[in-house]
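Read-outs throughout are calculated quantities, based only on the coordinates presented, and are distinct from any laboratory measurement. All figures in this text were calculated on a predicted structure; none of them were measured in a lab. Please note: Cβ atoms are built from the backbone with ideal geometry, for glycine as well, and neighbour counts cover all protein chains shown.
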Amino acid sequence: MEKELLKLEHIQKSFGDRMILEDLDLTVHENEFVTLLGPSGCGKTTLLRLIGGFETPDKGRILFEGKDITQVPPEKRQVNTVFQKYSLFSHMNVADNIAFGLRIKGKDESYIRDKIRYALKLVNLDGYEHAQVTELSGGQQQRIAIARAIVNEPKVLLLDEPLSALDLKLRQNMQRELVKLKRELGITFIFVTHDQQEALSMSDTVVVMNQGWIQQIGTPESVYNEPENAFVADFIGDSNIVDGTMVRDKLVHLLGQDIPCINTGFGENVPVDVQIRPEDIQICAPEEGQFRGIIQSVVFKGTVYDITVEAGGFSWLVQTITGHAAGKEVGIKLAPYNIQIMAKPASEDEEAVSDE
């Protein structure tokens, strides 16, 4: 792990009587791609603005390389921001947009020209110096906004949902470009999105947020495969979440059946949330499954079928590459290693995570 670069300690922020962030802690390391992920209103953009210096916390402090920067203005932080709407100057050409911050800092014109060429090459827009930004596509404008940010050589680049206005194919291309750019520049990216797929495909670390609280921090693999609560399980991809009781280690009771699992340490006869991903459920002959039921619907999604099965008094979402007919009786088979056990919320604050 790279050394610690940015640390937020006990951050609290409210607007009027609305609490946005409450007692939030977060550590970001050098050369890390961190994504703040959560639904609208969860506090992720406010958190980004606090890091950028556009807002000041009511309580807590922000440390950068061990120094307190809580009250330091944006222009004096080693941080640059790419906003959702890019904030390019429409009356300036591409070169002048990129040079804006450098001229504010009083850099000489030969240095600025070199930096413009370097930045345009990085974002694959060589030769666009004299183009008007109003003539550029959305994807090109987004690249110019990034070029303008990186010429200032920030140690941290903040990106506030910069891909949200792009169409799907261009968005996917830009996701790959951003990951490549981060590797080439060797700087830290902090990226805000509500798109789970975007977060999983781009990040080193995903910070899942809801209602001003961090719900889980981990690698894309860990937040997907090992969610810590029902909100994370439900928000990150598709999930089947069922009320259950942990009978003892490696045995959970759900929907009237005792089902083997691999989880331990929850105690005996303890209420739990049980999560099974749709792709981890096997459709089989009725007599071969732990549950038997009827297929209610089949939807072709291009690479998989989404199949809804009513079984055991629960409506299961199953994803498979094999199609089945609606109305067919089938079995539902769950492998022990595909069952994820999660503790029930222990407080009202934790309860809120499943209210979305």
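In whole angstrom, note down how far apart the Cα centers of the stretch 16-62 and the stretch 283-302 are. If you average the Cα positions of each part, the centres end up 43 Å apart.
Relative to the Cα centre, the charge distribution of the stretch 1-108, modelled as +1 at Lys and Arg Cβ and -1 at Asp and Glu Cβ, gives a dipole magnitude of about 380 debye. Longest stretch of the chain clear of exposed loop sites (chymotrypsin sites (Phe, Trp or Tyr not before Pro), DSSP loop, at most 16 other Cβ atoms within 10 Å, sites excluded): 90-356.
With respect to the cross-link table entries 105/155; 3/67; 105/182; 115/182; 250/344; 115/180, which display a Cα-Cα separation exceeding 22 Å? As for pairs spanning more than 22 Å Cα to Cα, those are 105/182.
Set the Förster distance to 45 Å, then compute FRET efficiency between residue 304 and residue 132 from the Cβ-Cβ distance, nearest 0.05. Using R0 = 45 Å, I get an efficiency of 0.55. Considering only 321, 146, 11, the Gaussian network model of the chain with Cα springs below 10 Å gives its largest mean-square fluctuation to 321.
Per DSSP helix of 4 or more residues, -39500 (n - 2.57); summed, then divided by the residues of the chain. What does that give at 222 nm, rounded to the nearest 500? Please report the intermediate quantities before stating the final value.
Values: 9 runs with 88 residues, N = 356.
Value at 222 nm, helices only: -7000 deg cm²/dmol.
Can you tell me the FRET efficiency between residue 270 and residue 226 if r is taken as the Cβ-Cβ distance and R0 is 22 Å, rounded to the nearest 0.05? Walk me through the intermediate numbers first.
Working: r = 18 Å, r/R0 = 0.84.
The computed FRET efficiency comes out at 0.75.
What the Kirkwood sum gives for the stretch 67-183 is a hydrodynamic radius of 14.7 Å, with every pair of different alpha carbons counted.
In percent, what relative contact order does the chain have, based on Cα pairs under 8 Å that are 6 or more apart in sequence? Intermediate results must be reported in sequence, preceding the final value.
Values: 741 pairs, mean separation 52.5, N = 356.
With pairs under 8 Å counted, the relative contact order is 15 percent.
Size estimate for the stretch 180-261 follows the Kirkwood approach: the inverse of mean 1/r over distinct Cα pairs works out to 14.9 Å.
Rounded to a whole number, what is D in µm²/s for the chain from Stokes-Einstein with the Kirkwood radius over alpha-carbon pairs (25 °C, 0.890 mPa s)?
Working: Rh = 22.8 Å.
Taking Rh from Cα pairs, D becomes 108 µm²/s.
For the stretch 1-152, what's the relative contact order in percent, using C-alpha pairs closer than 8 Å and at least 6 residues apart? So the answer I get is 20 percent. Largest GNM mean-square fluctuation across 334, 21, 157, computed for the chain with C-alpha springs under 10 Å, falls on 334. In the chain, the longest principal axis of the Cα atoms and the axis of helix 109-122 are about 20 degrees apart.
Its alpha carbons considered, the stretch 266-321 gives a radius of gyration followed by a Dmax of 13.3, 43 Å. Each Cα pair under 8 Å and six or more residues apart adds its separation to the average, and for the stretch 44-131 the resulting relative contact order is 20 percent. Treating each Cα of the stretch 1-65 as one equal point scatterer and applying the Debye formula with no solvent, the log10 of I(q)/I(0) at q = 0.26, 0.29 Å⁻¹ comes out as -1.24, -1.42.
Take the Kirkwood radius over Cα pairs of the stretch 146-212, plug it into Stokes-Einstein at 25 °C and 0.890 mPa s, and you get 192 µm²/s for translational diffusion. In this label model, residue 251 and residue 320 are separated by 2.9 nm, measuring between points 7 Å along each Cα→Cβ vector. Panel note: the C-alpha atoms of the stretch 205-340, placed on their principal axes, show extents of 43, 37, 22 Å (largest first).
May I ask you to work out the translational diffusion coefficient for the stretch 120-183 at 20 °C, viscosity 1.002 mPa s, via Stokes-Einstein with Rh from the Kirkwood sum over Cα pairs, reported in whole µm²/s? Translational diffusion coefficient: 173 µm²/s. Counting every alpha-carbon pair across the stretch 64-115, the share separated by more than 17 Å comes to 52%. Using every pair of distinct Cα positions in the stretch 2-141, the Kirkwood expression returns a hydrodynamic radius of 17.4 angstrom.
Annotation for the stretch 150-195 versus the stretch 226-255: alpha-carbon center distance of 33 Å.
Normalised by 2.2 N^0.38 Å, where N is the number of residues, the C-alpha radius of gyration of the stretch 229-285 stands at 1.16.
Please identify every one of the GluC sites (Glu not before Pro) in the stretch 1-85 that sits in a loop by DSSP and has no more than 12 other beta carbons within 10 Å of its own beta carbon.
Details: sites: 2, 4, 9, 22, 30, 32, 55, 65, 75; in loops: 2, 30, 32, 55, 65.
Those satisfying the criteria are 2.
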